[in-house]
Amino acid sequence: MGRRWTPQESALVSKRYAAEGPLPLAAELGRSPDSVSSLARRYGIASAGGRKLQAANRVIKSRTVNVGFFDTMSAEVAFVLGFVWACGSVKTKHRKVLRMVLPQERREVFPAIQHPMGSRHLVQTYEHTRVLEICNSRLVQSLLDRHGPPPASNPTPDQPRIPPELVRKFAAGHLLATGHRSATFICWLGHNAVIEWLSEKIQTQARVPPPQAKPFGSRSRISWTKEVEMSAIEGWMERPG
């Protein structure tokens, strides 16, 4: 027969279990962690560590997004990063959220990034904007660890951490979010540092001359208007593989 719990022991567990969890109490009382946890459950007490573990398990097993999406670089990841670097930000104060904001007229483009990410999140509708928020600490932490914060969350962003062969995918994602292409021009709009980096990459890899550039405060716009240059850039972005 198991050892009975004394009133003093029960009071100690009631007082300290929520903050400390079972291990310190088990060592102090000479009992197994399972027996301490069992008593706490009878009193309806959950430890902070247990709640954190449950929350972490829920995040990892999320069915609303592929939490490991940013773990390994790929063409799809580069494309999504371009999109995020154009219109995204991260919130980390109370919970970790990846937030992307687009004007109303671009409301149809979100599925292009939701599909590769396995995101089932609903797009929020406001008067002039559409907002997609992906709340998953595992996903956001992976993004921050491997790629750093997007420009909207970092006034002095590093250059995008994209392999040379996947810059064209980054450019395509960025273009989809805030750029524009028509019969007469193709342009990108974004943070000065990112647009300067992207301009250099497009010139080098697509083999086109420098673009027309126009600053807008902390943001810049670059554009090419000649048909031969536009064709070279679009062919570069759409190259298979």
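The values are calculated or read from the model by the stated rules, or taken from the named source; none is laboratory data. No experiment lies behind these values; they were computed from the predicted model shown. Counting neighbours? That spans all protein chains shown, and the Cβs are built from the backbone with ideal geometry, glycine included.
Pairs meeting the criteria (first residue in the range 147-176 and in the same structural domain as L102 (by TED's automatic domain parsing) and on the phi > 0 side of the Ramachandran plot, second residue surrounded by fewer than 22 Cβ atoms within 10 Å (Cβ to Cβ) and not in a helix (DSSP H, G or I), beta carbons under 8 Å, at least 6 apart or on different chains) are G148/N154; G148/P157; G148/D158; G148/R161. Has the range 122-145 got at least one residue that is among the charged types (D, E, K, R), touching a residue at least 40 places away in the same chain (Cβ under 8 Å) and in contact with a helix residue (DSSP H, G or I) (Cβ under 6 Å, 6 or more places away or on another chain)? Within the range 122-145, one or more residues are among the charged types (D, E, K, R), touching a residue at least 40 places away in the same chain (Cβ under 8 Å) and in contact with a helix residue (DSSP H, G or I) (Cβ under 6 Å, 6 or more places away or on another chain). Selection of helices (runs of 4 or more DSSP H) fully inside the range 145-241 by the criterion of at least 1 residues being over 14 Å from W85 (Cβ atoms) and hydroxyl-bearing (S, T, Y) returns 192-206, 227-237. Annotation: T184 fulfils all but one of (1) in contact (Cβ under 8 Å) with a residue 12 or more places away in the chain; (2) out of contact with any helix residue (DSSP H, G or I) (no Cβ under 8 Å at 6 or more places or on another chain); (3) surrounded by 14 or more Cβ atoms within 10 Å (Cβ to Cβ); the unmet one is (3). Among the residues of the range 110-119, those that are closer than 13 Å to F69 by Cβ and either at pLDDT below 90 or part of a loop (DSSP other than H, G, I, E, B) (or both) comprise G118, S119. Among helices (runs of 4 or more DSSP H) entirely within the range 1-71, having at least 3 residues that are at pLDDT 80 or above and either closer than 30 Å to I113 by Cα or in contact with a helix residue (DSSP H, G or I) (Cβ under 8 Å, 6 or more places away or on another chain) (or both) singles out 7-20, 33-42. When we screen A152, A172, A177 for residues that are crowded, with 18+ Cβ neighbours inside 10 Å, over 16 Å from the mean Cα position of the chain (by Cα) and among the small types (G, A, S), the only hit is A172.
Select from the range 100-109 the residues that are surrounded by fewer than 20 Cβ atoms within 10 Å (Cβ to Cβ) and either not assigned by TED's automatic domain parsing to the domain that holds H128 or not in a helix (DSSP H, G or I) (or both) and list them in ascending order. Even if it seems obvious, please write down each step before you answer.
Filtering the range 100-109 for residues surrounded by fewer than 20 Cβ atoms within 10 Å (Cβ to Cβ) gives 101, 103-109.
Within the range 100-109, V101, P103 qualify.
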